Structure formats: C-alpha cells, structure tokens
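One structure below.
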Amino acid sequence: MSDRAARAAPPPSDAWLGPVLLSAGVLSPDEAQELAAAGVESVWRAAVERGFTSSDRVAAALAQSFKVPMADLAAADARAATLLPEAMARKHQVVALAVSDRIIRIATADPRDLNVEQSLGFVTGREVRFEVAPPAAIAEKLDELYRPEKSINRLLSGLNAGSVEQIEDPSPAETRDPSLDAPMAKLVDAMIGDAVRERASDIHAEVIDGGTAVRYRVDGVLREVMRLPESACPALVRRVKILAKLDVTNALRPQDGRTATRVDGQAVDLRVSTLPIARRGEKVVIRILDRTNLRSGIEHLGLPEDEHVMLRRLLGHREGMVLVTGPTGSGKTTTLYAMLNELKDGKVNIVTVEDPVEYDMPGISQIQVNEAQGLTFATSLRSVLRQDPDILLVGEIRDNETAKTAVQAGLSGHMVLSTLHTNDAPSAIVRLRDIGVDAFKAATVLKGVLAQRLVRRLCDACATPVPVDSLPVDARPPAGRAAIPRKPVGCRACNGLGYQGRLAILEILPVDEAVARAIDSAQHTEVIAAAGRRAGMRTLWESGLLRVWAGQTSLDELVRVLGEPAADETVAAVPGAVATGAGSSLVPERVQRAVAPAAASGGTRVLIADDDPQMRRLIRTVLEREGFAVTEAGDGLDALDAVEQAAPDLLLLDMDMPRLDGMGVLEEIRARVRTATLPVIVLTARGGETEADALELGADDFLAKPVQPRSLTARVRAVLKRARA
C-alpha cells in the first residue's frame with residue numbers, strides 16, 4: 001500500500017489498542033509505529049499476523065489494563081446465548097458466557113466500550129460484566145452458538161474428504177434434521193475417510209468440556225483431531241446411527257450395529273457402538289475393521305524365527321485346545337484369524353462362534369452370538385458339535401458352561417481355538433481352574449497358551465540409532481550379539497510421533513509333559529512358568545527386548561505397554577543372552593538410572609515450552625538472572641525431545657502450542673518411566689477448568705499469564721524444593 005493510500009484509509013476500529021499495547025510492553029515503539037503507518041484494518045489481527053505478539057498476550061494485556069478477567073470461551077453456557085439475540089451479538093462481536101438472576105458475563109475484545117455495555121444491559125435486563133477474548137475466537141464461538149453448521153463447514157474445508165461411498169444406502173429421510181444433518185452427513189463421511197487414511201482403528205466422539213471432541217485411536221493411542229460445537233453432538237450421533245441402522249429415537253440405552261463403506265475404492269467394515277453418558281448425551285465409537293486381516297497368515301505376524309516355529313508346532317495338532325490371552329485391543333482376534341488362515345486348506349470343516357463376528361471369512365461357517373435370543377456361546381457350541389467340525393474357534397471363554405463344553409470338544413477329537421482375559425500365559429491355567437475346569441482335564445486338553453501385546457513400531461523414515469550402552473545394564477544384549485537399538489524422532493511420515501504401525505510381542509507357553517504335570521497337580525503360576533521356560537517359553541518382556549535390540553521398537557514403548565517388569569525377569573531366556581547375575585532383574589529404578597542422561601553442569605536446569613518467543617525470552621531473562629540454566633522449546637513435540645535430550649530439573653509448560661498441546665505433553669511425560677517425576681509448572685492464560693485438568697494429569701503447580709517475575713521465581717523455587725525433599 002502506498003503512503004497516499006495509507007493516509008486515505010480509514011483508521012482501524014481498534015486503533016485505541018496500539019497505545020494500550022505499547023504502554024503494557026507488548027509492542028515496541030517501532031512495532032506500534034509500523035502498525036499505525038500501515039493502514040491496517042485491525043491492530044489486533046495485524047500485530048499477531050506480523051509476529052509482533054500472540055493473541056493470548058494481547059488479551060492478557062487488555063485484561064490487566066482494564067482490570068477484567070480473561071474469558072474462557074470453551075466454558076460458555078449455551079443457555080446464556082438465548083438471552084442475547086444473534087443480530088446484537090454479531091453487531092457488537094460479543095459472546096454471552098454465563099447468566100444469573102442479576103448478572104450476565106460477556107466476552108468481548110473491547111472492554112472499554114461503555115455504550116455496548118449499556119445496550120447489552122438494557123436488552124438482557126441484567127448487569128453486564130465484561131471479560132476479554134480474542135476477536136477471532138469470539139467469531140468462531142458465535143458460529144458455534146448461533147450457526148453450528150458454519151463450524152462444521154469450516155472443518156470440512158480443512159479435511160481431505162477424498163472418495164467415501166456408503167455401500168448400503170442410509171435412510172429414512174424423515175429422521176434427518178435439515179438444519180444440521182446435511183453438513184453433518186458430509187462431515188461424518190469425511191471423518192471416516194480421514195480416519196481410514198490415518199490408519200486409525202477407532203473413532204471416538206463425545207461431549208467434553210463444552211464441545212464435541214472427535215478423537216482417533218492410531219497405533220493404540222488416542223489423539224484429538226477436531227472439536228465441534230456441543231450442539232453438534234446429537235446430529236453426529238444421529239447420522240452415525242442412521243448409517244448403522246440403529247434406533248435414532250432411543251438415546252437412553254446402549255446400541256450396537258455395523259455398516260460398510262468404501263474409502264478411495266477400498267471396502268471398509270465399521271462396527272458402531274453408542275452409549276448414554278450422564279448429563280452429556282450419547283457417546284459414539286466407530287470401530288474400523290481392516291479387511292486385510294482376512295488374508296493374513298502367521299507369516300505376516302512378523303515373529304522371530306523360533307516363535308514362528310513354535311506356533312506352527314502348536315497348530316500341527318489336530319485335537320486339543322490353544323488359548324490366546326491378553327487385554328482388549330491386544331490383537332488377539334488378528335492372531336486367531338491368522339491361525340485359521342493357516343489351517344484353512346479346504347479339507348477341514350471350520351466353524352467359529354463369535355460375539356460379534358468382526359470379519360466375514362469365506363470358506364468358514366461363522367455364528368453370531370445373540371444372548372437376547374438365547375444363543376449363547378455354550379448353546380451355540382452344543383449345536384456346532386453336531387455339525388461334525390474339525391476346528392472350532394470360540395470367541396471367548398467367559399463362564400463355566402462354555403469352558404466345559406469347549407474342553408470336552410477338545411478332548412473328543414476337535415481342535416479348539418479360543419481367548420481368555422489374563423495378563424500372561426501361565427495365568428490362563430489358573431483362570432480355567434477358577435471357571436471350574438478340572439485340573440486333569442486342562443492338563444490333557446491344552447496344547448499351548450499365547451499371551452500377546454501390541455507395541456508401536458518405530459518409524460523407519462526418522463528413527464535414529466542409539467548406543468547399546470544407553471540401554472539399562474540388564475536390558476543390553478549379550479556380548480557378541482548384534483543389536484541396533486533406535487529411538488523415535490518424529491517426521492512428516494509419522495505425523496511427528498516417531499512411530500508408525502504396531503507389531504505383536506508374544507509369550508508362548510507350550511504344554512509338554514513337564515508343564516502338563518504342573519497343571520495336573522494344580523501348581524501355582526510360578527511353578528508352571530518355570531516348567532514353561534524349560535520348554536522354551538519366553539516372557540513378554542524378553543520377547544519385547546528382542547524387538548528393542550532389532551530396532552523395531554523402543555525401550556520406552558516397551559515400558560509403556562508392559563509397565564513394570566517383574567523382579568525375577570532376566571534376559572536369560574532370550575536366545576544367546578547371558579544373565580548378569582543371580583536374580584538379575586529389570587526393575588524400573590534401574591531402567592531410569594541407566595537411561596537418564598548425566599547431569600549437566602551450570603546450575604539447576606529449567607526447560608521453557610511455549611510457542612510465544614517473547615514470552616520465552618521474558619521468562620528466560622528472569623530465570624537466568626536468578627542463576628538458572630535455561631533451554632527452550634517452541635512446540636509440544638520439541639518439548640518432549642528436549643526433555644529427553646536436556647534432562648531438565650523442571651519444566652515450565654504452556655497449554656496452547658502447535659503439534660501437541662500442553663495437556664498432551666504432560667500426559668506423555670507422566671506416562672514415561674524416565675520423566676514420571678519431572679516437576680512441571682503449567683503456564684496458561686486460560687481460565688475455567690484448565691487448572692484442575694492440569695493438576696489431575698500430574699502438574700505440580702499452575703501459573704496464570706501474564707507472568708509476574710517475582711511470583712515466577714518464587715513458584716519455581718518452591719516446586720524444586722518439594723521435588724528434592
């Protein structure tokens with residue numbers, strides 16, 4: 001813009017803001033002069049877009065200058081908006097936050113406008129109390145409250161909808177809400193397509209903190225991908241119910257259904273579950289079923305050679321029982337289907353009894369359990385046995401009747417595959433005894449037990465090798481064994497996570513003569529496990545160490561999934577490994593001591609994680625003046641890397657950061673063994689429930705912005721003192 005055009009342009013509506021920010025120290029004199037000479041439409045927006053400051057800092061400066069609170073738009077009560085007509089709210093760019101009999105709290109970007117205050121008081125009949133919020137955030141909140149379809153369309157514009165086609169036509173048209181269901185239908189299609197491309201296994205949608213949070217579970221970890229208005233949740237649930245042919249009129253009971261769709265030409269099965277949540281409407285979970293599992297055999301499980309041979313040996317039996325154990329989501333169904341594909345040769349009769357039937361497998365008779373109609377696992381099994389099956393898959397052994405029928409089938413010439421919910425393989429025998437299976441029958445029918453977990457696979461595009469010496473002493477490979485342990489870094493291919501995909505770690509307990517004797521004599525799990533080790537069993541931890549040594553996963557990921565290793569677990573059972581001494585163990589304290597970097601010199605180390613460079617500079621100046629050694633990180637993922645590399649004594653953590661917000665950083669830090677006790681002080685300009693949420697996740701203290709230097713140093717010293725006590 002030329003100088004003449006700048007002089008001719010009308011002054012911005014918030015021209016008053018420049019002097020306020022200058023006096024508050026948010027803008028320098030040069031920056032304020034540049035904005036005044038540029039002829040901008042909005043001082044607030046231009047200051048942020050040019051990188052002079054952040055929107056939160058501007059709001060905090062206004063709140064301090066005019067002695068009003070910071071607004072928490074996420075906590076806005078939709079009922080308060082009913083008192084304020086949309087036309088007036090948009091005219092003055094204000095949001096009604098909360099209302100009582102005599103007071104209404106209003107979010108505004110201009111807390112000095114007394115004329116607006118009087119007008120709003122006249123319309124609402126209440127005393128107006130202003131709170132400060134950024135104008136862009138106010139505009140988005142107005143759309144959420146008065147035009148939720150605009151928020152949905154805005155999200156749609158940012159999603160890659162691709163090609164999503166419903167295989168079965170949803171209906172009926174009369175159940176649709178015309179105000180929201182048209183954009184919501186597009187959003188649900190785009191959401192499903194996006195989740196499939198992101199390799200998500202589940203989509204979760206529910207009301208959280210005044211909004212509808214949509215989260216994907218990728219590689220076993222949930223992450224939020226979008227936040228819709230709270231008013232959009234019923235329309236989203238209704239649309240998903242229509243797709244799954246569920247009852248859209250009944251929101252008071254759980255419902256389950258399924259549907260199918262095509263994403264970019266690929267057929268995808270979806271399993272839908274809805275659940276009423278107290279005072280928050282319904283929650284919906286969409287399970288995405290990958291049909292490629294139908295073609296997987298045990299060679300696709302990626303097992304080490306000795307485990308692969310052991311599993312094939314178990315499947316070589318033509319009678320008896322093989323159990324797969326593990327918690328929900330540990331890949332048991334995928335492993336069982338791989339076993340069926342291994343056994344399916346067209347010469348045997350294979351029948352499955354499942355709840356639910358997740359995949360339709362050609363060449364196999366599959367029965368869906370329906371307890372409401374009396375078709376339970378036990379009754380289905382009794383009917384199936386009259387069909388002369390060679391191989392039976394029982395989805396889960398839950399009760400005495402099912403267990404006894406399955407055991408009897410295994411004893412009478414059938415091969416039975418099934419699952420149990422136990423933590424490890426030896427515990428499955430104790431679980432069978434608890435259900436009521438006689439010890440001598442279990443010893444006779446069992447051919448083997450598999451315990452299974454899934455760990456995230458390191459991203460091959462960015463994972464970097466680490467020295468073997470960086471592993472704990474008891475987790476290092478034996479001398480002479482090749483090992484290439486790696487650590488996650490994060491890149492575009494893995495969305496900055498450092499991991500891509502998952503792999504299984506197995507604990508295979510073959511039931512030989514010695515193990516059978518231990519089962520028959522009703523021995524404790526320790527005795528059964530000892531006999532299993534002599535037969536070649538490797539624990540889950542030891543199996544996971546093989547994956548760490550091969551550079552397929554990281555030690556941190558192994559600890560995250562398996563938790564604390566048992567005190568008697570050593571690497572002695574790993575082929576070629578040598579224990580470091582009797583009773584050598586991998587206890588978490590030793591893991592933490594061995595992995596943690598050496599202490600740096602130069603005083604107490606503080607890491608500042610904040611996306612605002614001016615805020616980082618301010619805090620750094622204050623702390624370095626007090627003798628602290630300070631490092632910085634500009635976003636959440638950089639903060640996690642800095643915690644690993646710099647090993648700080650304390651973390652100052654901002655809540656609003658790109659790539660990964662403060663809550664995500666705090667949750668990840670507390671989940672890691674090496675950083676679980678790291679002192680964390682949360683910095684934020686938010687109000688409402690943010691402090692409580694942060695403290696529940698494990699924050700040690702909470703400091704509101706704008707930060708006062710004296711309060712900052714006092715809190716840092718107090719938290720460090722408590723941590724060292």
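Taking every protein chain into account, the 1.4 Å probe leaves R659 with about 150 Å² of accessible area, to the nearest ten. The convex hull built on the alpha-carbon positions of the stretch 2-102 has an orientation-averaged projected area of 8.1 nm².
Of the residues K705, K67, ranked by 1.4 Å probe accessible area with the largest first, the sequence reads K67, K705.
Counting only Cα atoms, the size of the stretch 679-725 along its three principal axes is 30, 24, 9 Å, in decreasing order. Against the main long axis of the alpha-carbon atoms of the chain, helix 636-646 sits at an angle near 70°. Put simply, when 204-217, 428-441 are sorted by average Cβ atoms within 10 angstrom per residue, most first, you get 204-217, 428-441. At what distance in angstrom do the alpha carbon centres of the stretch 97-135 and the stretch 240-312 lie from each other? Using only Cα atoms to place each centre, the spacing works out to 47 Å. Under conditions of 4 °C and 1.567 mPa s, the stretch 632-720 yields 99 µm² s⁻¹ as its translational diffusion coefficient, taking Rh as the Kirkwood radius over Cα pairs in the Stokes-Einstein equation. Per-atom-type breakdown for the chain gives carbon and sulfur 50% of the accessible area (1.4 Å probe, protein chains only). Note on the chain: with charges restricted to the Cβ of Lys and Arg (+1) and Asp and Glu (-1), its dipole about the Cα centre is near 480 debye.
Take K141: with every protein chain present and a 1.4 Å probe, its accessible area is about 20 Å². Taking 0.36 nm per residue of separation and subtracting the Cα-Cα distance, full extension of the segment from T328 to R112 would add 72.2 nm. Rg and Dmax of the stretch 183-234, both derived from C-alpha coordinates alone, stand at 10.8, 30 Å.
In terms of Cα atoms, the Rg and Dmax of the stretch 337-380 work out to 11.6, 35 Å.
Kindly express, to the nearest 10 degrees and within the range 0 to 90, the angle between helix 332-343's C-alpha long axis and the longest C-alpha principal axis of the chain. Tilt of helix 332-343: around 40 degrees. The spread of Cα positions in the stretch 286-389, taken along each principal axis and listed from longest to shortest, comes to 45, 36, 25 Å. Express the relative contact order of the stretch 297-454 as a whole percentage, based on alpha carbon pairs under 8 Å and six or more residues apart in sequence. Result for the stretch 297-454 is 34 percent. Against the criterion of solvent-accessible heavy-atom surface with a 1.4 angstrom probe, E86, E513 sort, most first, into E513, E86. Look at the dipole of the chain built from charges on Cβ: of S418, I528, I192, the Cα furthest out on the positive end belongs to I528. Straightening the chain between H308 and E667 buys 125.6 nm, computed as 0.36 nm per residue apart minus the Cα-Cα spacing.
For the chain, the antiparallel share of DSSP beta bridges with both residues in that region comes to about 55%.
With N counted as the residues of the chain, its alpha-carbon radius of gyration over 2.2 N^0.38 Å works out to 1.13. Ordering 356-365, 326-335 by mean Cβ neighbour count within 10 Å, with the highest value first, yields 326-335, 356-365.
Counting only alpha carbon atoms, the long axis of helix 148-158 and the longest principal axis of the chain meet at about 70°. Unpaired cysteine residues in the chain (no second Cys Cβ under 4.7 Å): C233.
Sorting the segments 127-140, 412-425 by their mean number of nearby beta carbons within 10 angstrom, highest to lowest, gives 412-425, 127-140.
Computed over the Cα atoms of the stretch 336-465, the ratio of the radius of gyration to the Kirkwood radius (Rg/Rh) comes to 1.04.
Probe of 1.4 angstrom, ligands and nucleic acids ignored: what's the accessible area per residue over the chain, in square angstrom?
Values: 32870 Å² over 725 residues.
Per-residue accessible area for the chain comes out at 45 Å².
Quick one, what does Rg over Rh come out to for the stretch 396-463 if you take C-alpha atoms and the Kirkwood Rh? Using only Cα positions, Rg/Rh for the stretch 396-463 is 1.17. Extension gain, D256-Q368: 0.36 nm per intervening residue step, less the Cα-Cα distance, totals 39.0 nm.
Beyond 17 Å, how much of the Cα-Cα pair distribution for the stretch 253-331 remains, as a whole percent?
Percentage above 17 Å: 68.
Pairs over the 29 Å Cα-Cα cut-off, from the set K241/K347; K241/K404; K283/K404; K141/K241: K241/K347; K241/K404; K283/K404.
Helical runs assigned H by DSSP (4 residues or longer) give the chain a calculated mean residue ellipticity at 222 nm of -11000 deg cm²/dmol, each run adding -39500 (n - 2.57) before division by the residue total.
The values are calculated or read from the model by the stated rules, or taken from the named source; none is laboratory data. Small disclaimer: the values here were computed from a predicted structure and weren't measured. Here the Cβ is made from the backbone with ideal geometry for all residues, glycine too, and neighbour counts use every protein chain on show. To get the accessible areas, we keep the full protein, side chains included, count just its heavy atoms, and leave off ligands, DNA and RNA. Shrake-Rupley method; radii C 1.70, N 1.55, O 1.52, S 1.80 Å.
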